[in-house]
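Participant: The structure follows.
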Amino acid sequence: MKKTSKDVISWDGYCYVHENITLGKINRLKKLHPGAKIIVHSECPKPVRDAADFIGSIAQMLKYARQFEGKEFIVGTEDGLIHRLQKENPDKRFYPVGTICRGMKETTPEDIATFLEEMRYRIEISEDIRVKAKDALDKMIDI
């Protein structure tokens with residue numbers, strides 16, 4: 001593999017959904033569900049991460065909930081994940097922190113069907129970009 005020199009510009013990103021998850025919300029849920037494990041997304045504020053039993057990406061949180069023997073979880077990420085967690089783990093209970101991503105809720109299944117039927121908003125990219133993007137996505141999924 002050919003090595004190339006790259007400049008990486010680091011940015012301390014911001015996600016309003018995860019920034020909306022506070023230690024107060026976590027502590028209130030913990031009082032209501034003292035036996036629940038706290039699992040949070042890695043984009044949550046540091047005090048929330050410090051209180052967590054597990055920190056990870058969405059995929060890592062799904063895997064943790066599936067593999068961990070515990071039966072109750074406080075979930076520190078967008079509330080929509082609760083439905084999938086519950087569906088994949090019907091014998092477990094998941095408690096949301098009360099935060100919604102407006103952007104994730106804007107596109108409906110009907111929108112997707114229309115876009116596919118009419119091939120609206122088609123995005124075309126060059127093959128070399130597609131290959132590089134797929135390689136990056138495959139690496140992320142492997143992690």
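Participant: Given DSSP loops and a limit of at most 15 other Cβ atoms within 10 Å, what is the longest stretch of the chain that contains no such chymotrypsin sites (Phe, Trp or Tyr not before Pro)?
Facilitator: It works out to 15-67.
Participant: Rank the residues 29, 116 as a footprinting-exposure proxy: fewest other Cβ atoms within 10 Å of their Cβ go first.
Facilitator: By the 10 Å Cβ count, ascending: 116, 29.
Participant: Counting only the backbone N, which residues of segment 48-89 are under 17 Å from the spot 7 Å out from the Cα of residue 30 toward its beta-carbon?
Facilitator: Answer for this model: 48-56, 72-77.
Participant: Using the count of nearby Cβ atoms within 10 Å as a rough guide to exposure, how do 119, 140, 61 rank from fewest to most?
Facilitator: Ranked by crowding around the Cβ, least crowded first: 119, 140, 61.
Participant: Of 89, 62, 20, which is farthest towards the positive pole of segment 16-103's charge dipole, taken about the Cα centre with +1 and -1 on the beta-carbons of Lys, Arg and Asp, Glu respectively?
Facilitator: Positive-most Cα among the choices belongs to 89.
Participant: May I ask which of 63/134; 71/105; 6/105; 46/139 have a Cα-Cα span longer than 30 Å here?
Facilitator: Beyond 30 Å between Cα atoms: 6/105.
Participant: Return the Cα extents of the chain along principal axes one, two and three, sorted largest first, each rounded to a whole Å.
Facilitator: Extents along the principal axes, in whole Å: 53, 43, 28.
Participant: May I pose another question? Whole number please: convex hull volume per residue, Cα atoms of segment 43-127, in Å³.
Facilitator: 159
Participant: Can you pull out the GluC sites (Glu not before Pro) in segment 78-140 that DSSP calls coil and that have at most 10 other Cβ atoms within 10 Å?
Facilitator: Qualifying residues, ordered by number: 124.
Participant: Here's another thing I want to ask about it. Hey, fewest Cβ within 10 Å first, where do 37, 87 land in order?
Facilitator: With the sparsest Cβ surroundings first, the list reads 87, 37.
Participant: Around residue 92, which amide H atoms from residues at least 5 apart in sequence, or from another chain, sit under 5 Å from its own amide H, with H modelled in the peptide plane?
Facilitator: Result for residue 92 returns nothing.
Participant: Would you work out the charge dipole size for segment 5-143 about its Cα centre, treating the Cβ of every Lys and Arg as +1 and the Cβ of every Asp and Glu as -1, and quote it to the nearest 20 debye?
Facilitator: So the dipole magnitude of segment 5-143 works out to roughly 740 debye.
Read the figures in this text as sums done on the coordinates, not as results from a lab. Quick caveat, the model's predicted, so the values are computed rather than measured. Backbone-built Cβ (ideal geometry, glycine too); neighbour counts: all protein chains shown.
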